[in-house]
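What follows is a set of notes on a single structure, which appears directly below.
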Amino acid sequence: MTLKNALPYLPFALAALLAANPSFSQDRIYRCGNEYTNNVSTAKARDCKLVEGGNITVIEGPRGAPAASRVVTAPQAGQRVEANDQRARDNEARSILESELKKAEARRAEIAREYNGGEPERRGDEARNYQKYLDRTAELKASLARVDSDIAGIRRELGRVVPAASK
């Protein structure tokens with residue numbers, strides 16, 4: 001067999017050679033809670049479980065201060081939320097939705113002003129290229145429709161949130 005004929009089989013030969021040599025194989029990995037180790041004595045001392053199958057990628061965080069995280073516990077099935085907590089959540093949801101509605105309405109007014117009832121003002125680069133003007137007009141119309149549907153969705157959500165007066 002010539003070298004030219006053997007070239008297609010070279011990757012398979014290398015893979016077989018690497019698999020046969022245990023020094024190239026990956027060590028056993030153990031999981032100890034949320035930590036992973038390949039140290040057998042540590043794994044036995046901490047009663048860790050052997051991880052089988054698949055590759056494991058562990059990304060360590062910064063070595064300094066632990067990452068600040070806000071832990072929010074959701075109520076379990078059958079568990080009740082206190083009335084004050086629920087009222088606070090409803091108020092927060094309502095205020096977020098109202099601010100989003102204001103932003104969407106402002107965005108709609110801006111787009112409607114530019115759209116100008118289907119006849120937006122032509123820009124300098126659109127004087128020679130009428131298709132560019134038509135494309136921008138169609139894009140403005142689509143944006144207007146998208147913002148209208150966003151506003152309708154936000155209003156639906158506002159209707160689902162308990163009104164502030166009935167609390």
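The values are calculated or read from the model by the stated rules, or taken from the named source; none is laboratory data. Bear in mind the structure is a predicted one, so any value in this text is a computation, not a measurement. As a convention, Cβ positions derive from the backbone with ideal geometry for all residues, glycine included, and neighbour counts pool all protein chains shown. Surface areas here come from the heavy atoms of the whole protein model, side chains and all, with no ligands, DNA or RNA. Shrake-Rupley method; radii C 1.70, N 1.55, O 1.52, S 1.80 Å.
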Exercise. Which three lengths, in whole Å and largest first, does segment 78-124 cover when its Cα atoms are put on their principal axes?
Worked result: 62, 17, 17
Exercise. Once you sort the root eigenvalues of the Cα gyration tensor of segment 100-167 as a ≥ b ≥ c, which label holds: rounded (a/c under 1.5), prolate (a/b larger than b/c) or oblate (the other case)?
Worked result: prolate
Problem set entry | Theoretical FRET efficiency, 1/(1+(r/R0)^6), r = Cβ-Cβ of residue 90 and residue 152, R0 30 Å, to 0.05 | 0.90
Problem set entry | Residue order for 29, 96 - accessible surface, 1.4 angstrom probe, largest first | 96, 29
Exercise. Which net charge results for the neighbourhood of residue 137, defined as the other residues with beta-carbon distances under 11 angstrom from its beta-carbon, given Lys and Arg at +1 and Asp and Glu at -1?
Worked result: -2
